[in-house]
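The values are calculated or read from the model by the stated rules, or taken from the named source; none is laboratory data. Since the structure is predicted, the reported quantities are computational estimates derived from the model, not experimental observations. Using ideal geometry, Cβ is built from the backbone for each residue, glycine included, and neighbour counts are taken over all protein chains shown. For the accessible areas, the whole protein counts, side chains as well, though only heavy atoms, and no ligand, DNA or RNA atoms are used. Shrake-Rupley method; radii C 1.70, N 1.55, O 1.52, S 1.80 Å.
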2 protein chains.
Amino acid sequence: MGWTNLSGDVVIGKEGKGLRPSLCLFTCEAVGGSVNDAMPAAVALEFIHNFSLIHDDIQDRDEFRHGRETLWKIWGIPKALMAGNVLKVLSDHCLMQLVTRDIGFNRVICVVEMLTEACLTMIEGQSLDISYEGNYAVSIEEYFNMISRKTGALIQCSMEVGATIGTEDHNLIHSLRDIGASLGTMFQIRDDVLGIWGDQHLTGKPVGADIKRKKESFPLVYSLTKATKKQRELLFQIYNKEEIDDQDTHRVLDLMEDIGVRRRAYELTLDYHKAAKKSLKDSGLNTTVQTEFENLFGFLLERSY
Amino acid sequence: MGWTNLSGDVVIGKEGKGLRPSLCLFTCEAVGGSVNDAMPAAVALEFIHNFSLIHDDIQDRDEFRHGRETLWKIWGIPKALMAGNVLKVLSDHCLMQLVTRDIGFNRVICVVEMLTEACLTMIEGQSLDISYEGNYAVSIEEYFNMISRKTGALIQCSMEVGATIGTEDHNLIHSLRDIGASLGTMFQIRDDVLGIWGDQHLTGKPVGADIKRKKESFPLVYSLTKATKKQRELLFQIYNKEEIDDQDTHRVLDLMEDIGVRRRAYELTLDYHKAAKKSLKDSGLNTTVQTEFENLFGFLLERSY
């Protein structure tokens with residue numbers, strides 16, 4: 001699992017946020033369900049997320065995550081590939097523990113199908129992401145479609161599953177699923193911003209990290225869309241280099257500043273934040289719960305790690 | 001899926017045997033169940049098998065399978081990795097179709113758990129296989145333990161699942177699972193023999209293919225165990241080369257002939273064939289069904305593709 005290096009020494013890294021299982025458990029409790037009933041699904045969600053991270057790191061050839069070397073970097077692709085697969089199969093195993101909870105057969109099946117569907121959509125998003133590599137004509141719409149699948153599907157599913165386990169009120173489940181969809185996109189835009197302007201001590205990534213990786217995240221897609229002819233030429237010139245050095249990274253950062261990428265990204269996350277609040281209001285949940293959800297939205301909007 | 005090359009032209013290859021779904025459907029019918037009830041599990045089994053093949057080819061860097069280029073060879077590792085994952089998730093999706101059959105909730109759960117367990121065991125076997133690479137001290141016992149997991153688990157599961165869907169007679173299910181375990185090992189030993197002495201026109205692999213790939217299959221493991229000091233030195237000398245050429249391949253083939261590898265492999269498959277027949281007799285299935293099973297055993301014992 002990458003918790004040790006090749007010599008067997010423990011390597012301490014940052015912990016993940018556990019966002020998906022937290023959303024699942026919190027949502028289940030918010031609609032009146034029991035955290036214990038949702039636990040098997042919460043664990044399955046975290047395993048699926050880690051399965052996708054391990055395989056993503058292989059695909060993107062990323063060498064670090066959370067301040068530790070990635071699994072394939074330490075153990076090679078064949079073993080990392082299997083470690084990811086084991087997590088996927090363990091997620092199936094965990095999920096089946098739902099049958100030991102008193103939530104009824106139909107609900108178990110429903111949850112299993114939601115997770116299966118979310119996995120397929122997530123892989124579809126990863127596939128789009130890969131197909132966009134080196135394609136600098138990706139539109140903002142294509143970018144949003146991609147992240148709603150790659151990141152959004154599992155976050156949305158976390159809330160939908162938590163709600164489904166906790167209640168039979170279909171309108172309520174719908175509202176929470178809608179909140180999940182908004183949070184998923186908001187989360188990814190914020191992630192893209194942190195991938196370039198994040199604090200290295202908090203994110204474990206140096207400033208401009210995603211520029212050096214040539215990652216086609218929101219800042220680049222938006223810059224390419226809004227750039228003047230001259231700015232586009234500069235971007236192409238830099239992104240067509242074998243490696244982007246510190247000086248070029250700073251030229252791109254300046255250009256993004258001129259285009260106003262960070263401001264636009266923040267405006268967009270605010271739009272999704274607003275949409276999530278609207279769905280929350282529609283849910284009819286009591287005010288105490290709504291306040292707790294709003295705190296969560298606020299964290300996801302402003303988070304710096 | 002590798003059915004076309006990069007230009008989009010259809011590439012015709014050999015079809016797989018569909019062994020696992022066939023075993024599942026046949027076993028279900030043999031114990032008095034309906035083929036239609038077992039169909040979701042049969043499709044899931046074939047998807048799981050193909051998921052493992054696609055990822056295996058990435059791990060082993062194999063460039064051809066069934067006379068076609070492998071997926072990673074055509075599309076690269078990132079896309080092939082995802083194609084494998086999609087098949088795994090689709091297998092989950094197919095399996096859940098069991099709930100539309102009238103076989104009861106508990107049986108569906110039982111089948112899902114059997115398949116999950118088999119997947120984990122299969123990955124464990126793949127992991128052992130990889131850990132043995134370049135380790136020429138692998139014993140026959142370790143080899144048999146490895147193949148019983150890597151290949152045996154899913155074949156055994158195919159019959160156990162078919163039986164579980166078709167009957168509630170636990171003794172009968174046990175007998176069929178035991179048959180599956182014997183067939184699994186028999187299948188892999190035969191596969192290893194075909195990987196070296198198979199007819200190129202039938203297997204799609206040239207004579208000595210697994211020698212050139214330095215694959216630690218039964219013939220090599222057995223040879224190393226039984227070789228004289230001089231024979232071992234020759235084997236080490238050849239297997240330590242960067243590439244094994246035609247001349248060296250023929251020297252290894254001669255050495256394996258001297259050691260009597262093929263004869264020993266055939267004796268072992270006969271032992272497993274006998275064990276399968278014993279379990280079949282214990283099953284108490286009617287003679288017509290037993291005869292059909294015996295024909296299947298005979299095919300697996302002597303198959304040349």
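A few remarks follow.
- Flag if B:Tyr132 is more than 7 Å from every other protein chain (Cβ to nearest Cβ) and modelled with pLDDT under 95: yes
- Test: residue in region B:64-86 that is hydrophobic (A, V, I, L, M, F, W, C), open to solvent by 20 Å² or more (accessible area, probe 1.4 Å), closer than 29 Å to B:Phe293 by Cβ and within 14 Å of chain A (Cβ to nearest Cβ): no
- Test: B:Ser182 is at pLDDT 95 or above and surrounded by fewer than 23 Cβ atoms within 10 Å (Cβ to Cβ): no
- Output for region B:54-63, where each listed residue is closer than 17 Å to B:Trp3 by Cβ and open to solvent by less than 50 Å² (accessible area, probe 1.4 Å): B:Ile54, B:Asp57
- Within region A:135-147, considering residues that are modelled with pLDDT of 95 or more and open to solvent by 50 Å² or more (accessible area, probe 1.4 Å), the one farthest from the other protein chains (Cβ to nearest Cβ): A:Glu141
- The residue of region B:87-103 that is nearest to the other protein chains (Cβ to nearest Cβ), among those that are farther than 14 Å from B:Ala41 by Cβ and open to solvent by less than 50 Å² (accessible area, probe 1.4 Å), is B:Val89.
- Any hit, region A:201-213, residues being open to solvent by less than 30 Å² (accessible area, probe 1.4 Å) and in contact with a Phe, Trp or Tyr (Cβ under 7 Å, 6 or more places away or on another chain): yes
- Counted residues, region A:272-300 - those being touching a residue at least 24 places away in the same chain (Cβ under 8 Å) and of a type in the set (Val, Ile, Thr): 1
- Filtered residues of region A:19-47 (kept if of a type in the set (Val, Ile, Thr) and closer than 21 Å to A:Thr288 by Cα): A:Thr27, A:Val31, A:Val35
- When region B:251-305 is filtered for residues that are open to solvent by less than 30 Å² (accessible area, probe 1.4 Å) and outside any helix (DSSP H, G or I), the ones remaining, listed by number, are B:Gly260, B:Leu285, B:Arg303.
- Each residue in region B:148-163 was checked for being open to solvent by less than 10 Å² (accessible area, probe 1.4 Å) and of a type in the set (Val, Ile, Thr), and 2 of them qualify.
- Hits in region A:107-121 (condition: surrounded by fewer than 20 Cβ atoms within 10 Å (Cβ to Cβ) and at the interface with chain B (Cβ under 9 Å from one of its Cβ atoms)): A:Ile109, A:Glu113, A:Glu117, A:Leu120
- In the set (1) within 14 Å of chain A (Cβ to nearest Cβ); (2) among the hydroxyl-bearing types (Ser, Thr, Tyr); (3) free of Cβ contacts under 8 Å to residues at least 24 places away in the same chain, B:Thr4 fails one condition alone, (1).
- Hey, A:Phe26 within 21 Å of A:Ile179 (Cα to Cα), assigned to a helix (DSSP H, G or I) and open to solvent by 20 Å² or more (accessible area, probe 1.4 Å) or not: yes
- The helices (runs of 4 or more DSSP H) located wholly in region B:142-225 that include 2 or more residues which are free of Cβ contacts under 8 Å to residues at least 24 places away in the same chain occupy B:170-197, B:200-203, B:209-212.
- Checked against the criterion of being in contact with a helix residue (DSSP H, G or I) (Cβ under 6 Å, 6 or more places away or on another chain) and closer than 19 Å to A:Phe144 by Cβ, region A:206-216 contains one or more residues that satisfy it.
- Considering residues of region A:234-250 that are open to solvent by 100 Å² or more (accessible area, probe 1.4 Å) and either closer than 24 Å to A:Arg263 by Cβ or of a type in the set (S, T, N, Q) (or both) only, the residue farthest from the chain's Cα centre (by Cα): A:Gln247
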